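Novice: Take this structure, written in structure tokens, and hold onto it; I'll ask about it next.
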Amino acid sequence: MKKCFVLLTMMGAISVTAQTDSRFYAIIDAVSAQRLEKDIRTLADFGTRNTFSDTLSNTRGIGAARRWIKAEFDKIDKECKNCLDVFYQKDLVTPKDGSRIPKEAYVVNVVAIQRGTKYPNRFVIMTGDIDSRNSDTMDYTNDAPGANDNASGMAGTIEAARVLSKYSFENSIIYLGLSGEEQGLFGGKGFAEFAKKNNWEIIGVLNNDMIGNIEGVDGVIDNRTFRIFSEPTPVTETEKERNQRRFYGGEVDGISRQLARYIHKSVTTYMPEMNPMMVYRLDRFGRGGHHRPFNDLGYPGVRIMEAHENYNRQHQNTRVENGINYGDVIEGVNFEYAKKLTAVNAIVLAGLGWSPPEPKNVTIGGVVEPNTKLKWDKVADDSVIGYKIYWRLTTAPQWENSRFVGNVDAFELKGIVIDNYYFGVASVHKNGQESVVVFPSAVMRSTGK
Ligand SMILES: [Zn+2]
């Protein structure tokens, strides 16, 4: 447990929190490369997991794959004495819904929810994909092992559930297997709409798509670097918000970007051997992933994936051509690397699972003044011991400076000129965990406080 020391001085009570929390190291160590290998092999051995493949066989096709995934979640649920709600969530798609839908079928997602003890309606979500494809997305009968794309992300999601089900969290965690990714992101779309319909508050979505390949098509081999893709600002913002940004800034400070910064900080703190690479875009150039349907509805979400893709090993029929091996086969997956990226997810899920709700209505002021003022609505939670103001130079990718300002709802940073920095506020739990940083959404005029 994180220790919080309270020192009494002439100035009053000052709390000093330890830098790290040993639970995170235990979580990292508990992730198993052997179990990941076993699960990735099992998924690849279903032959094809194309969304439109066989649903009746117990050994081949997406039906067998999703039943196996559900059975794994059920096993974990049994071991943790029913800490998970496991169920299917599905939507029907027909050829009218898109050009990559060969026939009518249900897009079936597998869901495992670990309910939060305090905030069951606040969710942090890890996703992997159930489905796979070969050279032709419409070919739902021939082999498409999809060992890296995306059995790796799916296996990582199951493994995170195994590890984190040993703990309890204040917020809910969802371990989610999505289908229909290769046919047009249908599983994510259906599930994001399901979340909206249920009025879920989503803290963040971690979409894991290809987390096992360390050998790039360019020959670079790197088992330390991975990418965090995040869109700059929400696509759901209003015209007014867009206009305000021109005068107040925030072009690189949307909710998904703050989530990406949270991930980056967690990794540099607890897994310093890794090189997280922030990519300031929604996804790869012109390509898609399952975080996007969540972003489309205004939820924060990022894509976590390997740094060096190998295009010979994705979306390819398994074959040898001109001496080159094509196909997304098991040999292309590095299980130790998949373990590291699974651990990245696990510590982020745990950190956010233990984090307090973020402050609302963060407002900033200080035009033509030597000081910057911030105010916010306090969180109605006795576990929140106070708030931390973050700031950084406008060209800096990460929050560089911070100050814990105590349990107040406003603060003035003396001698910090508003023009030269970006600012944000996070709430701090007595367990040491912090919310994602909130970028100001309103401006206070110099006369008003
Ligand atoms: Zn793919």
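The values are calculated or read from the model by the stated rules, or taken from the named source; none is laboratory data. Values in this document were obtained by computation on a predicted structure and should not be read as measured data. Here the Cβ is made from the backbone with ideal geometry for all residues, glycine too, and neighbour counts use every protein chain on show.
Okay, residues lined up against (1) closer than 23 Å to Leu341 by Cβ; (2) among the hydrophobic types (A, V, I, L, M, F, W, C):
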residue: Tyr175; (1), (2): yes, no
residue: Ser179; (1), (2): yes, no
residue: Gln183; (1), (2): no, no
residue: Gly187; (1), (2): yes, no
residue: Lys197; (1), (2): no, no
residue: Ile202; (1), (2): yes, yes
residue: Ile211; (1), (2): yes, yes
residue: Ile214; (1), (2): yes, yes
residue: Phe226; (1), (2): yes, yes
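Novice: Mind listing whichever residues of the stretch 297-321 are out of contact with any helix residue (DSSP H, G or I) (no Cβ under 7 Å at 6 or more places or on another chain) and among the charged types (D, E, K, R)?
Specialist: Correct list: Arg303, Glu306, Glu309, Arg319, Glu321.
Novice: Sticking with this one: Scan Asn199, Asn243, Asn207, Asn171 and give me the residue that is closer than 28 Å to Tyr140 by Cβ and either among the polar types (S, T, N, Q) or in contact with a strand residue (DSSP E or B) (Cβ under 6 Å, 6 or more places away or on another chain) (or both).
Specialist: The unique qualifying residue is Asn207.
Novice: Determine the pairs where a residue that is assigned by TED's automatic domain parsing to the domain that holds Tyr140 and under 21 Å from Glu336 (Cβ atoms), located within the stretch 34-52, has a partner that is acidic (Asp, Glu) and in a loop (DSSP other than H, G, I, E, B) with Cβ atoms under 9 Å apart, the partner being 6 or more residues away or on another chain.
Specialist: Ala44/Asp328
Novice: Here's another thing I want to ask about it. Restricting attention to the stretch 299-317, which residues are within 15 Å of the ligand (Cβ to nearest atom) and either not hydrophobic (A, V, I, L, M, F, W, C) or not assigned by TED's automatic domain parsing to the domain that holds Met277 (or both)?
Specialist: Scanning the stretch 299-317 gives Arg303, Glu306, Glu309, Asn310, Tyr311, Asn312, Arg313, Gln314, His315, Gln316, Asn317.
Novice: For Val368, indicate whether it is closer than 30 Å to Ser441 by Cβ, among the hydrophobic types (A, V, I, L, M, F, W, C) and not assigned by TED's automatic domain parsing to the domain that holds Val124.
Specialist: yes
Novice: In the stretch 270-294, which residues are crowded, with 20+ Cβ neighbours inside 10 Å, out of contact with any Asp or Glu (no Cβ under 9 Å at 6 or more places or on another chain) and assigned to a loop (DSSP other than H, G, I, E, B)?
Specialist: none
Novice: Now for a different question. Do the conditions hold for Lys189, that is, is it under 18 Å from Phe123 (Cα atoms), more than 18 Å from the chain's Cα centre (by Cα) and of a type outside the set (Phe, Trp, Tyr)?
Specialist: Answer is no for this residue.
Novice: Here is a follow-up. Does the stretch 112-128 contain at least one residue that is in the same structural domain as Val329 (by TED's automatic domain parsing) and over 27 Å from Gly351 (Cβ atoms)?
Specialist: For the stretch 112-128, residues in the same structural domain as Val329 (by TED's automatic domain parsing) and over 27 Å from Gly351 (Cβ atoms): absent.
Novice: For the stretch 164-238, list the strands (runs of 3 or more DSSP E) that sit wholly inside it and hold at least 1 residues that are in the same structural domain as Asp328 (by TED's automatic domain parsing), within 16 Å of the ligand (Cβ to nearest atom) and over 21 Å from Lys70 (Cβ atoms); which are they?
Specialist: Once the strands (runs of 3 or more DSSP E) in the stretch 164-238 are filtered for at least 1 residues that are in the same structural domain as Asp328 (by TED's automatic domain parsing), within 16 Å of the ligand (Cβ to nearest atom) and over 21 Å from Lys70 (Cβ atoms), what remains is 225-229.
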